[in-house]
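**Student:** Questions regarding the structure given below will be posed in turn.
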Amino acid sequence: MSAPTAADLLALLTSRDFGSLKDKYGSIEGLAKELGSDPATGLLGPTVLLHRKTYGSNAMPLRRPKGYGWALLEGLKDPVVIVLTVISILLITFGLLPDYTYDVYAWIDGVITLVMLLLLLSINAAIVYHKDRVLWQANVNANKHTVIVVRDGKPQAESSDSLVVGDVVCLTAGSFIPADGILLTNTNVKIVTDLSTVLNGSLTSTSASQTTDPFLSAGAYISDTTEEVRMLVLVVGEGTILGKTHLSKGYQNVATDLQKRLEKLYRWTTIGSLIGSLIIFLVMAVRFFVGGTTHDNRQVTTVVRQISIALIVFIVTAPEALQMALSLSLSYSMKAMCKDGIHIKNYDSIENLACCTHLVLSTNTLPSTQDELLQASGAGIKICYASSDPHDIAVNKAKVAGLLDQNSSSAASVRASELFSYPQETINMKLKQTSVISEITSQDLHRLICSLRSPENVVVYTGTDSLHAAALRTADVGLSIKLNGTDLCKDSSDIVLEQGSFSDFVEAINWGSSIVHNVRKFIQFQYTAGILVILLILLSSAIFNIILFSAAQLLYINLVIDALAAFAFGGEPPRRKGGVPPLLRKTYKIFSPSMTRNIYISALFILVFCVLPLIPEVADKLFGIPSRLGGPSATEDEFALALATNFKQTCAYNILVISLLFNMFWARTTYREMNVFVYIKKSINMWIVIAVIACTHVIVMIVPGVTFIFKTFNCLGDSCLLGGANGVVPHPLKCFSIGWQGWIVTLVLGVLVLPCNLLFRLLPIAREYKYKGTEDISAFKL
C-alpha cells in the first residue's frame, strides 16, 4: 500500500471516523507504519526531510499586516486631506493666472502645501506600518511552542514549527497540541479546546481516548492525564483547523481600553479644532471684505489662501497622532520588554498593570527579598499569597518572604475552606485583612479572583500550574512563568515572564505605567501647541490684520507636534528602575488636573512671547527691527512696511518653534516634578527629535531658497524676494536678516518657558494617584 497523501489524512481528520481508519490501515500502529514512523522510535532523520518536502512543515501561517502603500492610501482617504488637496490645486491654478492674483508666486504656496502634506502622510504611514509589523511579530512569537518529539529513537525538544507528518509528539498535563493528530497511547485524557470558557472554577474540558475518540486538534491542550501521552502527527500547518483560523483572523489588533479613551478624546478635540478653524476663517473673511480691500478677480487667490490656512489650522490642531503616540509607545515597550524577558500576549494587560491594586501570588512567585515587597506595598498594591500547601507550610513561606511577621494578626492567614464558608460580604471584609490563604483549590482560587475584582480594582495573578489556568483567565492580568509553567498556563495568561522573579513583575509594572505616562506627555505637548496656533492666528488676524504663519510654516509645525513628538514621547523608557511607580486609579482620566494646569500656563506664556514681535514699540527695541527698510518714495515706504511686517512674522514664528523645542523638555513631566531633565540621558528618541527640529529650523531660517519657500525674512545681496503669508514681492535691497539681536531674544524667551512653568507648578492641585502616600512623591520616583 502506498503512503497516504495529505488529502487522505485531512479527510480522515475531518470525518474523525475511527472505523474507516481501522478498515483502511488496520490500526493506528498500521497508519504510523504507512507513514514510515514508529510509536516507540518516531521518524528517522532522512524521513523527516522527505516528509517536510512532501507534506510541508507545521509553521502556522499568520496573515501579514497590510503594507506601507495601504497605510499611505488610508491617509489619503481622509476627507480633510482631500479638501486641502483640492484647495491647493485651486491655489496653484489661480496663482498661474495673472488675472486672478496680485502675487506672481502664489502658485508656489499650493505646491509646497501638497509636498508638505505628502511628507506628513508618508511619515504617518511609515509609523503605522512599523507598529503593525511589531504587533504582527509579537503574535507570531506568541504562537510558537516548544514540544518534545521522538526522532531516531530519542526524545528531543523542537519548535512546534519544525514538526512534520509522522512525528511522534510526547504530551503531558498542560501541554499544547501543536498539530492535528491521533493518540498512540491507550490513556484517557482531558482536552481543553476553549480558554475563554470557565465553569465552576475550571476551564471546560472534554474526554478523549484511543478507543472512543482518539483524534486531537491543533490549538487544544491536555488539561489532565495520568501519564505521558504520545500523539502521531497527521496534518500540519495550513491544513490544521488552527492554521485555517490563523489565516482567517490575521494578527491581533484589538482596541485596548486606552485606545478607546483616546478615540473619545480625539472626537471631542476634533470638534473643538473645527470650531476654532471656522472662527479663524470668519475673522479673516470679515477683515478682508470690511477692511476696504479692492474687490476684483485678482483677490480670488487671497480668498483661496485664507481657506487653505483655515484648513491647515484644523489639521495642525486636530490630534490625529494620539493613536500614533500610543502605538509607538506600545511597540517600543513590547520590544524592550521582550529583551528583559517579559513577553506580551494581550496588549490591554500592559495598560492594566499601571492600575494594579491587588497582586495574588502562587508558591513559585514570592518575592526573594523584603525590599521588593515594600516597594510594591509602598505603591499601594495589596499582596495576597494563595497556596495549595498545608497551612503551616504556607505561613512559614510567607514569613520568609516578609508577607507576615511576628506582629501579624491571626486574621492575616486563613485556610481556603474556612474563608469561603462565609457569605460573600463577609469574604470581602476578611480579604481586606488577609495576606495568606492556604490549602486552596482551583475552584477556591477562581472564587478568590472573582471576589477581589471590582470596577475600582485591577487584580493581577501569577500562576505556573495547569490548575491555575482558570484563575489566570479570570484575573484582569494573568502572569505566567516561562521557565516552569505549562503551555496551558502560559497560553491562558496575558504576560509571560522569562524567569518569574518578583523583580520581573515590578519591571512589567514600570513599562505599563510608562505607556500611560508617555501618552500623557504627548497630549500635554500637542494640546499646548494646538491652543497656541489657534490663538496666535486668531489674534493676529483680528487685531493686526495679518496671517501670522504661511501654509508651509504651519505644516512644519504640524510635523513637529504630531509625528516627531509622537516619536519622541512614545519612545521614553520608564523613569524608575528597580521600583514600583505611583499607580493610577482604574477609572483614571486622560487629562489629570496637573496636566490641565500645565497646558494652560505654558500656552499663556508662549502666547505672550509670540505676540511681543507684533507690538510696534516693543518689537523695535527687543528684536532690533530696522526703523527704515527701503527708499524715500511712497512705493518704497509701502514696501518697507511690508518688509517690517514680514520681519515681525518671522520673529514670532522663530519664538514659537524655539519655545516648542524647550517645551518638549517641560512636557516630559505631567505632575508637580521640578526636575524636567530626569533620565533625559536615556531618552534617545527625544534627543534625535530635538536635533532634527533644531537643524531643520536653522535651515528654514537662514538658507536661501528654503526661506523663500517657508516665507521667512531673509534678504541677501542686491535682490530680495520678500516672503510672507501675504505674498512675495521682488525688490532691490541691501542685506537684511533677522539679526543676532532677534536670535538672542528668541532664545532667551524660549528658555524662560521652563522657569515660568516650573514656578506655577507649586500651585496646589487635586490628588490623582490612588495611593494617598504618593501626593508628595518626587520627580525621581516618577
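The values are calculated or read from the model by the stated rules, or taken from the named source; none is laboratory data. The model shown is predicted, which means the values in this text are computed figures rather than measured ones. Reconstructed Cβ throughout: ideal geometry from the backbone, glycine too, with neighbour counts over all protein chains shown.
**Student:** Assuming Thr441 fulfils every condition listed in (1) surrounded by fewer than 16 Cβ atoms within 10 Å (Cβ to Cβ); (2) free of Cβ contacts under 8 Å to residues at least 40 places away in the same chain apart from one, which condition is it?
**Tutor:** Single failed check for Thr441: (2).
**Student:** Looking at Thr462, is it in contact (Cβ under 8 Å) with a residue 12 or more places away in the chain, within 15 Å of Ser387 (Cα to Cα) and of a type in the set (Ser, Thr, Tyr)? Outline the logic, then answer.
**Tutor:** Details: in contact (Cβ under 8 Å) with a residue 12 or more places away in the chain: yes; within 15 Å of Ser387 (Cα to Cα): yes; of a type in the set (Ser, Thr, Tyr): yes.
So Thr462 passes the test.
**Student:** Still on this structure, please answer the following. Given (1) surrounded by fewer than 24 Cβ atoms within 10 Å (Cβ to Cβ); (2) in contact (Cβ under 8 Å) with a residue 40 or more places away in the chain; (3) more than 16 Å from Leu353 (Cβ to Cβ), where does Tyr527 come up short, assuming only one miss?
**Tutor:** Tyr527 satisfies every listed condition except (1).
**Student:** Now a separate question. Just to verify a result, which residue in region 142-157, among those that are crowded, with 19+ Cβ neighbours inside 10 Å and over 33 Å from the mean Cα position of the chain (by Cα), is nearest to Thr47 (Cα to Cα)?
**Tutor:** Arg151
**Student:** Could I ask something else about it? Looking at region 392-401, is at least one residue in the same structural domain as Ile440 (by TED's automatic domain parsing), in contact with a His (Cβ under 7 Å, 6 or more places away or on another chain) and surrounded by 16 or more Cβ atoms within 10 Å (Cβ to Cβ)?
**Tutor:** no
**Student:** Would you point out which residue out of Thr41, Thr47 is outside any helix (DSSP H, G or I), out of contact with any helix residue (DSSP H, G or I) (no Cβ under 9 Å at 6 or more places or on another chain) and either at pLDDT 85 or above or closer than 30 Å to Ala126 by Cα (or both)?
**Tutor:** Thr41
**Student:** Exactly one condition in (1) part of a helix (DSSP H, G or I); (2) among the small types (Gly, Ala, Ser); (3) surrounded by fewer than 24 Cβ atoms within 10 Å (Cβ to Cβ) is not met by Gly512; state its number.
**Tutor:** (3)
**Student:** Run Glu768 past the list (1) at pLDDT 65 or above; (2) closer than 24 Å to Asn663 by Cβ and report the number of the one that doesn't hold.
**Tutor:** Single failed check for Glu768: (1).
**Student:** Anything in region 658-683 that is in contact (Cβ under 8 Å) with a residue 12 or more places away in the chain, over 20 Å from Val618 (Cβ atoms) and in a helix (DSSP H, G or I)? List them, or say none.
**Tutor:** Across region 658-683, the qualifying residues are Leu660, Leu661, Phe662, Asn663, Met664, Phe665, Trp666, Ile680, Lys682.
**Student:** Test of understanding: among Asn663, Asn685, Asn714, Asn726, which residue is at pLDDT 85 or above, assigned by TED's automatic domain parsing to the domain that holds Leu643 and closer than 25 Å to Leu612 by Cβ?
**Tutor:** That would be Asn663, the only listed residue that is at pLDDT 85 or above, assigned by TED's automatic domain parsing to the domain that holds Leu643 and closer than 25 Å to Leu612 by Cβ.
**Student:** Looking only at residues in region 530-544 that are more than 15 Å from Phe609 (Cα to Cα) and not aliphatic (A, V, I, L, M), which one is surrounded by the fewest Cβ atoms within 10 Å (Cβ to Cβ)?
**Tutor:** Phe544
**Student:** Still on this structure, please answer the following. Can you tell me which of Ala475, Ala508 is closer than 29 Å to Ser329 by Cα, among the hydrophobic types (A, V, I, L, M, F, W, C), in contact (Cβ under 8 Å) with a residue 24 or more places away in the chain and touching a Phe, Trp or Tyr at 6+ places or on another chain (Cβ under 7 Å)?
**Tutor:** Ala475
Results for (1) surrounded by fewer than 20 Cβ atoms within 10 Å (Cβ to Cβ); (2) at pLDDT below 85; (3) part of a loop (DSSP other than H, G, I, E, B); (4) assigned by TED's automatic domain parsing to the domain that holds Val748, shown as yes or no for each residue.
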| position | (1), (2), (3), (4) |
| --- | --- |
| Arg597 | yes, no, no, yes |
| Cys610 | no, no, no, yes |
| Glu617 | yes, yes, no, yes |
| Arg628 | yes, yes, yes, yes |
| Asp637 | yes, yes, no, yes |
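**Student:** Shifting gears a bit: In region 404-499, which helices (runs of 4 or more DSSP H) lie fully inside it and hold 3 or more residues that are in the same structural domain as Ala379 (by TED's automatic domain parsing) and more than 17 Å from Lys345 (Cβ to Cβ)?
**Tutor:** Working: elements: 416-419, 424-431, 442-452, 469-474, 487-492.
In region 404-499, 416-419, 424-431, 442-452 are the helices (runs of 4 or more DSSP H) which contain 3 or more residues that are in the same structural domain as Ala379 (by TED's automatic domain parsing) and more than 17 Å from Lys345 (Cβ to Cβ).
**Student:** Just wondering, is there one or more residues in region 737-757 that are modelled with pLDDT under 75 and under 30 Å from Ser308 (Cβ atoms)?
**Tutor:** Yes: one or more hits.
**Student:** Listed residues Gly30, Gly75; which is part of a helix (DSSP H, G or I) and either charged (D, E, K, R) or free of Cβ contacts under 8 Å to residues at least 12 places away in the same chain (or both)?
**Tutor:** Gly30
**Student:** In contact (Cβ under 8 Å) with a residue 12 or more places away in the chain, buried (at least 16 other Cβ atoms within 10 Å of the Cβ) and not acidic (Asp, Glu): is that true of Gly67 in this structure?
**Tutor:** No: the conditions fail for Gly67.
**Student:** Here are Val86, Val80: which of them is over 30 Å from Ser159 (Cα atoms), assigned to a helix (DSSP H, G or I) and within 26 Å of the chain's Cα centre (by Cα)?
**Tutor:** Testing whether each residue is over 30 Å from Ser159 (Cα atoms), assigned to a helix (DSSP H, G or I) and within 26 Å of the chain's Cα centre (by Cα) leaves just Val80.
**Student:** Still on this structure, I have one more. Give region 328-364 a look and list any residue that's surrounded by fewer than 23 Cβ atoms within 10 Å (Cβ to Cβ) and over 19 Å from Pro573 (Cα atoms), or say none.
**Tutor:** Lys345, Asn346, Thr357, His358, Thr363, Asn364
**Student:** Could you run through region 94-112 and say how many residues are surrounded by 15 or more Cβ atoms within 10 Å (Cβ to Cβ), in a helix (DSSP H, G or I) and modelled with pLDDT under 80?
**Tutor:** The total comes to 8.
**Student:** Another one. For Thr474, indicate whether it is crowded, with 23+ Cβ neighbours inside 10 Å and β-branched (Val, Ile, Thr).
**Tutor:** Taking the combined requirement at face value, the residue does not satisfy it.
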